[in-house]
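Before any comments, here is the structure.
The values are calculated or read from the model by the stated rules, or taken from the named source; none is laboratory data. Bear in mind that the values here come from a model prediction, so they are computed numbers and not experimental data. For neighbour counting, all protein chains shown are included, and Cβ atoms are generated from backbone atoms with ideal geometry for every residue, glycine included. Each accessible area value is taken on the protein alone, full model and side chains, heavy atoms only, with ligands, DNA and RNA left out. Shrake-Rupley method; radii C 1.70, N 1.55, O 1.52, S 1.80 Å.
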Amino acid sequence: RLRSATHHGPLRVQRAFHPEPDGTAHVVLLHPPAGLVSGDRLDVDVVVEGGGRALVTTTGAGKAYRAAAGREATSSSRARVAAGSALEWVPQESVVFDGAHARLETSIELEEGGALLAWEVICLGRPACGERFTRGALWSHLAITQGDRPLFVERGQIVGGDPALGAPWGLGGRPAFGTMLASAGGVDDLRAAVDGCVAAVTRFGELRVVRAAGRDGSEVRAILERARHVVHDAWGRPRLDPG
């Protein structure tokens, strides 16, 4: 159950619905402006209590618009997953417009005995209209911790026009990329699920890490969905896509 929800400003939590047999609460975050402009900051905090099961997603892609005078727009998400509970953090992609200065931060505290599947999908520019990320900058921070112990920490910076965006040793001209972290699922099964895609699977301590790249955010999410189905099989839950 969605026991409580509060908001300030143009951010809403829609009513939870329960499409899975075990009653997992699917919760959709609604941000009516759809995007962030210079100086904006969006903060989301999620707590899944012991025994709770939640899937959190968004109504549409998040956007960071072209910056004015280089001022940053920040999206910060934090979650705590209690022992005996499960969280799926599966928002739609973040689209970073050409000329944007965006900071994306996701921090999740996973208590021992908690279950997690979380992803972050980023699209640089707007490939549908031919826009590339030639100016601006993106700073990203993704961290999973357990008490004082880091399970996964990744920080990165991408500058518009960087040669790595088109180089074979970088993104190879693919403007979208994503990372999925999960506490369940066989590595071989995950690799088989994304076979034939621009993707890789590794075991990193207690987590499985799936990385993918593609021509746009929807393609990357589709790849990660294939891996997510493997995790759901391991959990004994149906293969229902978010949203």
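The set of residues in the stretch 152-161 that are surrounded by fewer than 16 Cβ atoms within 10 Å (Cβ to Cβ) and either under 13 Å from Gly125 (Cα atoms) or in contact with an Asp or Glu (Cβ under 6 Å, 6 or more places away or on another chain) (or both) comprises Val159, Gly161. Just one of the listed residues (Ser76, Ser94) is among the hydroxyl-bearing types (Ser, Thr, Tyr), more than 19 Å from Met180 (Cβ to Cβ) and at pLDDT 95 or above, namely Ser76.
The residues listed here are Leu87, Leu104, Leu55, Leu110; of these, the one that is under 25 Å from Ala213 (Cα atoms) and touching a residue at least 60 places away in the same chain (Cβ under 8 Å) is Leu55.
Residue-wise test of (1) open to solvent by less than 30 Å² (accessible area, probe 1.4 Å); (2) farther than 26 Å from Glu109 by Cα; (3) out of contact with any Cys (no Cβ under 9 Å at 6 or more places or on another chain).
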| site | (1), (2), (3) |
| --- | --- |
| Pro150 | no, no, yes |
| Trp169 | no, yes, yes |
| Met180 | yes, no, yes |
| Ala192 | no, yes, yes |
| Ala212 | yes, no, no |
| Arg221 | no, no, yes |
| Asp233 | no, no, yes |
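Candidates are the residues of the stretch 112-148 that are part of a loop (DSSP other than H, G, I, E, B) and open to solvent by less than 70 Å² (accessible area, probe 1.4 Å); the one that is nearest to Gly62 (Cα to Cα) is Gly125. Per the listing Ala143, Ala115, Ala128, the residue uniquely under 21 Å from Ala213 (Cα atoms), aliphatic (A, V, I, L, M) and over 14 Å from the mean Cα position of the chain (by Cα) is Ala128. Taken together, the residues in the stretch 145-163 that are in contact with a strand residue (DSSP E or B) (Cβ under 8 Å, 6 or more places away or on another chain) and under 30 Å from Thr134 (Cβ atoms) amount to 8. Only one of the numbered conditions (1) touching a Gly at 6+ places or on another chain (Cβ under 7 Å); (2) small (Gly, Ala, Ser); (3) under 27 Å from Asp22 (Cβ atoms) is not met by Gly178, and that is (1).
Where the second residue is assigned to a loop (DSSP other than H, G, I, E, B) and modelled with pLDDT under 95 and the first is among the polar types (S, T, N, Q) and lies in the stretch 165-189, which pairs have Cβ atoms under 7 Å and are six or more apart or on separate chains? Close Cβ pairs (under 7 Å, with a partner that is assigned to a loop (DSSP other than H, G, I, E, B) and modelled with pLDDT under 95) amount to Ser183/Glu206. When Phe204 is tested against the conditions (1) of a type in the set (Phe, Trp, Tyr); (2) within 24 Å of Gly125 (Cβ to Cβ); (3) surrounded by fewer than 16 Cβ atoms within 10 Å (Cβ to Cβ), the lone failure is (2). Counted as qualifying within the stretch 1-109 are the strands (runs of 3 or more DSSP E) with 1 or more residues that are out of contact with any helix residue (DSSP H, G or I) (no Cβ under 6 Å at 6 or more places or on another chain) and open to solvent by 40 Å² or more (accessible area, probe 1.4 Å), namely 25-30, 41-48, 53-58, 62-64, 73-81.
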